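Only one structure is covered here, and it is reproduced in the block below.
The values are calculated or read from the model by the stated rules, or taken from the named source; none is laboratory data. Worth saying up front: this structure is predicted, and the values here are computed from it rather than measured. Don't worry about glycine lacking a Cβ; one is built from the backbone with ideal geometry, like all the others, and counts go over all protein chains shown. In case anyone asks, the SASA skips ligands and DNA or RNA and just uses the protein heavy atoms, side chains included. Shrake-Rupley method; radii C 1.70, N 1.55, O 1.52, S 1.80 Å.
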Amino acid sequence: MLKRVFLFFVLNLAAHAAPVAAANGLEPLYMVGVWYGEYQHDPFVFARFIAERRENGELIVIYRYYRDDALLSEHENVGEWELKGDRYFTRYFTLNGHAQARAQQNEYEILQYSGDELSYRSSGDDQYRDIVYRVKRVEPDFVLP
């Protein structure tokens, strides 16, 4: 059964992942790599995350949520990413290893990029609207604190 779920995930991701294409003359490859960020998830919960964006459009994000410095939970989302002009899009096909019947889609506005730092704001219609994410490029073997 586990092999079937994994095979479904691999085939689903391969079917959806596409090479990242430049839009409006911008070079999206600056976002490729491993990035670390933190944000206030809600008034009581703080989040840390690491995002790996691959050149072929694949995306893996691991989130850890904390309350009073105690780890509450960890989540892994796998999907794809795309850049169109100053808009950054993500689509997650698996959440915590479970294939999703419908991809979770998110949209962000790129605010600033300066080599090893990037900031973007969520522009969706959900509870994450207007959250500003500030991330720093890290080494591929970086481990969440």
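Listed here are the residues, each with its yes/no results for (1) touching a residue at least 40 places away in the same chain (Cβ under 8 Å); (2) open to solvent by less than 40 Å² (accessible area, probe 1.4 Å); (3) aliphatic (A, V, I, L, M); (4) in contact with a helix residue (DSSP H, G or I) (Cβ under 6 Å, 6 or more places away or on another chain).
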{"residue": "30", "(1), (2), (3), (4)": "yes, no, no, no"}
{"residue": "36", "(1), (2), (3), (4)": "yes, yes, no, no"}
{"residue": "48", "(1), (2), (3), (4)": "yes, no, no, no"}
{"residue": "60", "(1), (2), (3), (4)": "no, no, yes, no"}
{"residue": "63", "(1), (2), (3), (4)": "no, yes, no, no"}
{"residue": "71", "(1), (2), (3), (4)": "no, no, yes, no"}
Q) Do we find a residue being buried (at least 16 other Cβ atoms within 10 Å of the Cβ) and within 12 Å of residue 31 (Cβ to Cβ) anywhere in the stretch 94-108? A) yes
Q. Based on what the data block shows, is residue 42 in contact with an Asp or Glu (Cβ under 7 Å, 6 or more places away or on another chain) and at pLDDT below 90?
A. no
Q: Inspect all residues belonging to the stretch 84-92 and state whether any of them is part of a loop (DSSP other than H, G, I, E, B), within 15 Å of residue 120 (Cα to Cα) and open to solvent by less than 20 Å² (accessible area, probe 1.4 Å).
A: yes
Q: Test each condition in (1) closer than 24 Å to residue 141 by Cβ; (2) modelled with pLDDT of 95 or more; (3) not acidic (Asp, Glu) for residue 72 and report the one that comes out false.
A: (1)
Q | Counted residues, the stretch 109-128 - those being surrounded by 11 or more Cβ atoms within 10 Å (Cβ to Cβ), more than 16 Å from residue 33 (Cβ to Cβ) and charged (D, E, K, R) | A | 2
(Q) Anything in the stretch 39-93 that is more than 18 Å from residue 107 (Cβ to Cβ) and hydrophobic (A, V, I, L, M, F, W, C)? List them, or say none. (A) 44, 45, 46, 47, 50, 60, 62, 70, 71, 72, 78
Q.
Looking at the stretch 93-128 only, could you name the residues that are on the phi < 0 side of the Ramachandran plot, outside any strand (DSSP E or B) and touching a Lys or Arg at 6+ places or on another chain (Cβ under 9 Å)?
A. 116, 123
